[in-house]
1. Using the structure shown, decide if THR180 is within 12 Å of ligand 1 (Cβ to nearest atom), in a loop (DSSP other than H, G, I, E, B), among the β-branched types (Val, Ile, Thr) and crowded, with 20+ Cβ neighbours inside 10 Å.
2. Please identify the pairs in which a residue from region 63-78 that is more than 17 Å from HIS136 (Cα to Cα) has its Cβ atom under 6 Å from the Cβ atom of a residue that is at pLDDT below 95 and of a type in the set (Ser, Thr, Tyr), counting only partners at least 6 apart or on another chain.
3. Answer with yes or no whether THR118 is surrounded by 21 or more Cβ atoms within 10 Å (Cβ to Cβ) and within 15 Å of ligand 1 (Cβ to nearest atom).
4. Could you tell me which residue of region 201-215 is farthest from ligand 2 (Cβ to nearest atom), considering only residues that are assigned to a helix (DSSP H, G or I) and surrounded by fewer than 24 Cβ atoms within 10 Å (Cβ to Cβ)?
5. Consider region 184-227. How many of its residues are within 13 Å of LEU140 (Cβ to Cβ), small (Gly, Ala, Ser) and in contact (Cβ under 8 Å) with a residue 40 or more places away in the chain?
6. Among the strands (runs of 3 or more DSSP E) confined wholly to region 63-177, which include 3 or more residues that are within 14 Å of ligand 2 (Cβ to nearest atom) and at pLDDT below 95?
7. With the structure loaded, tell me whether ASP143 is acidic (Asp, Glu), near ligand 1 (Cβ under 10 Å from one of its atoms), under 18 Å from VAL63 (Cα atoms) and crowded, with 19+ Cβ neighbours inside 10 Å or whether it fails that test.
Amino acid sequence: MSRKKAAKGKAASSSPSAGSPTGKGTGKSARSSPAIVQMNGVVHPSRPSISNSSEFYDMAFKVMLVGDSGVGKTCLLVRFKDGAFLAGSFISTVGIDFRLLCLLCDELPEYSLQIWDTAGQERFRSVTHAYYRDAHALLLLYDVTNKTSFDNIQAWLTEIHEYAQQDVVLMLLGNKADSTHERVVKREDGERLAKEFGVPFMETSARSGLNVELAFTAVAKELKHRSTKDPSEKFKLQEYVNKEMKGAGCCRT
Ligand SMILES: Nc1nc2c(ncn2[C@@H]2O[C@H](COP(=O)(O)OP(=O)(O)OP(=O)(O)O)[C@@H](O)[C@H]2O)c(=O)[nH]1
Ligand SMILES: [Mg+2]
């Protein structure tokens, strides 16, 4: 069953807290076509309308992928969505792109994720800022083969604190963990940084699939937990991740 509806008003445009998904529907969600927020070749600074694609989904947590250009945000999303690595030449994302994924649908149809893939390039930064406030969760990526992308994490965190909701669910991901020979950022460095800023952390690989599903599932579980506030269900994001994650060099998730 799909929750696709004709575009009229609601969509994911309210500003709920990180613990409550957008909308009030309950049906099983479906995937959408990507929507690139662009008008006449200029990226539109306002929030995109899911209605741009003539349809919207009335129930979803909004998860944004952020981080420097080239860290692998789009590939991570494609790996999660399609189970495959987006091979070929690097095509930088323009503006914002979104996909709706049916995660935990059988269990809880209302806890689907609407995933926003942002452009890492500096020139699109003002577009990204406009979306932060509606995000329930942020996956912040750096590239373990690119020291600059790691050094920029602090600036990303400053930006997140400035623009995102205070209670946004945040997770740091060191992507491209498959690139053993090119690695310049040690896993321990990622762990140290994450600890310093009090955010859950793990390494991922869009190429091998390492921990990709786990990253999204962990966030979905945290959001679900916050939203239901069921005291019998104690959920600790980092503990869950530590228990479930696989190390680099290991198999697919
Ligand atoms: N080895 C390896 N390469 C990866 C991985 N993920 C992405 N890449 C490569 O990194 C490059 C950039 O990937 P994208 O996913 O397009 O990067 P992005 O973060 O979306 O970049 P922007 O859209 O510009 O913000 C591509 O050439 C990918 O093939 C990974 O896990 N391992
Ligand atoms: Mg991209």
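The values are calculated or read from the model by the stated rules, or taken from the named source; none is laboratory data. These numbers were taken from a predicted model, which means no experiment stands behind them. No Cβ is skipped: glycine too gets one built from the backbone with ideal geometry, and neighbour counts run over all protein chains shown.
1. Against the criterion (within 12 Å of ligand 1 (Cβ to nearest atom), in a loop (DSSP other than H, G, I, E, B), among the β-branched types (Val, Ile, Thr) and crowded, with 20+ Cβ neighbours inside 10 Å), THR180 does not qualify.
2. Matching pairs, first to second residue: SER69/SER92; THR74/THR93.
3. yes
4. Taking the candidates together, the pick is LEU214.
5. Qualifying residue count, region 184-227: 2.
6. Ranges flagged: 96-101, 113-118.
7. Answer is no for this residue.
Matching residues to (1) over 30 Å from THR228 (Cα atoms); (2) among the hydrophobic types (A, V, I, L, M, F, W, C); (3) under 10 Å from the mean Cα position of the chain (by Cα):
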{"position": "SER112", "(1), (2), (3)": "no, no, no"}
{"position": "ALA119", "(1), (2), (3)": "yes, yes, no"}
{"position": "GLU122", "(1), (2), (3)": "yes, no, no"}
{"position": "ARG125", "(1), (2), (3)": "yes, no, no"}
{"position": "HIS129", "(1), (2), (3)": "no, no, no"}
{"position": "ASP134", "(1), (2), (3)": "no, no, no"}
{"position": "LEU138", "(1), (2), (3)": "no, yes, yes"}
{"position": "ASP143", "(1), (2), (3)": "yes, no, no"}
{"position": "SER149", "(1), (2), (3)": "yes, no, no"}
